[in-house]
Amino acid sequence: MRRSVLHLTAVLVAIGALSSGLGSAAPRYQASASEPPTGLTAIPEVMLGPRPDRVPVSTPTPMPSPAGTVKPLPTRMPRPAATLRPLPVPVIAAQEVTLVNLDTGRFLWQSNARAARAPASLTKIFTAMVAVDLIGMNTTVTVPASISQLPADSTFMGLTAGERLTVRELLDGVFLNSGNDAAETLASAVTSRSSFIAAMNTKAARLGLRGTHFENPSGLDAAGHYSSAYDLALAAVYLESHYPALVAIAATPALTIPATSTHKAFALVNINKLLRSYPGAYGLKTGWTEAALGCLITTSSRGGHRLLAVMLGAPNGTAYAEMPKVLDYGFELLGVLPRPAAS
């Protein structure tokens, strides 16, 4: 028993000596005041070696494909050249031309369109509008004796002084036969002929037409009586949108007005040849005098589009031949197929 105790005591002394030697071998760690106490053991710093060079990647050697499977790379095709070409403007002998897209009001072409010229019977589109403005369509008017003073080479509806007709019937004579007698009768239906002509000039001014002035309701040549293709185009566009009854009258190829107790019968034929020769034409007014030469306002529709063209100063006999060139040019500008053959 005594021997066992002595042996245990010796073992404990040896263990204590060993622990004391280990504690003195390691340096004592002192925590800084800025570091919180921790029970973790510090991780020693790992020193990285130099960065290895980039490993080159070998390019694989292409292997030949089996026969018949090799496809050539697509060849880049050049851009196609533009197929659209500028449309040549038609060669026209008339001194003034305008061409308007009636659906948009945009001018498509103008040639010397603002020069003051005699407008001949194109004047009558103002006569018609002012008559409707002042007295309506159904008023009955008496034909004045002054129609006997019109030149013998005038165009006539065939009125006789003293006859009584409605404004509508007189407008038929204005547009179909371009009757100077019908225009003068309308002008005398108000207080006086001079006041009617003043209303025509007021109408032009209200439409902003600075190059237009009238001296009579028929379009006979007179000093101070003038307009331009540009002004007449604006006036015709206005008529198209505000006077549908006049548009319908101008599109009438022929008409018979039966006799009544106040007037004889009238067989009227529209002198606008394009209504019969140009497919789609439906108006609007013709004119000619020695000073004005050939004059036309033409409206036409094709492929859902509508055009209006004005021509002034066309040499004798050329207006009806040249107006189709202008209209064809306009429809081609709008991308409409060529006009169908006349039936």
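Readers should treat all values here as calculations from the given coordinates under stated rules, not as data from a laboratory. Computed from a predicted structure; not experimentally measured.
Taking H as built 1.01 Å from N, whose amide H comes closer than 5 Å to the amide H of Ala281, not counting residues under 5 places away?
Ser301
Using the Kirkwood radius built from alpha carbon pairs, what does the Stokes-Einstein equation give as D for segment 121-276 at 37 °C and 0.692 mPa s, in µm² per second?
On the way: Rh = 15.6 Å.
So the translational diffusion coefficient is about 210 µm²/s.
On a straight-distance basis, which lysines could pair with Lys285 in a cross-link, Cα separation under 24 angstrom, same-chain partners fewer than 8 positions away excluded?
The qualifying lysines are Lys124, Lys203, Lys273, Lys325.
Using θ = phi - 60° and the Karplus curve 6.51 cos²θ - 1.76 cosθ + 1.60, what whole-Hz ³J(HN,Hα) does each residue of segment 231-247 get, with Gly and Pro shown as x?
Karplus-based 3J(HN,Hα) across segment 231-247 equals 5, 5, 5, 4, 5, 5, 4, 5, 4, 4, 8, 10, 10, x, 5, 5, 4 Hz.
Share of Cα-Cα pairs in segment 219-343 beyond 27 Å, in percent?
24
What residues have an amide H closer than 5 Å to that of Leu102, excluding those fewer than 5 places away on the same chain, when H is modeled at 1.01 Å from N in the peptide plane?
Amide H to amide H, under 5 Å and 5 or more residues apart or across chains, Leu102 pairs with Arg306, Leu307, Leu308.
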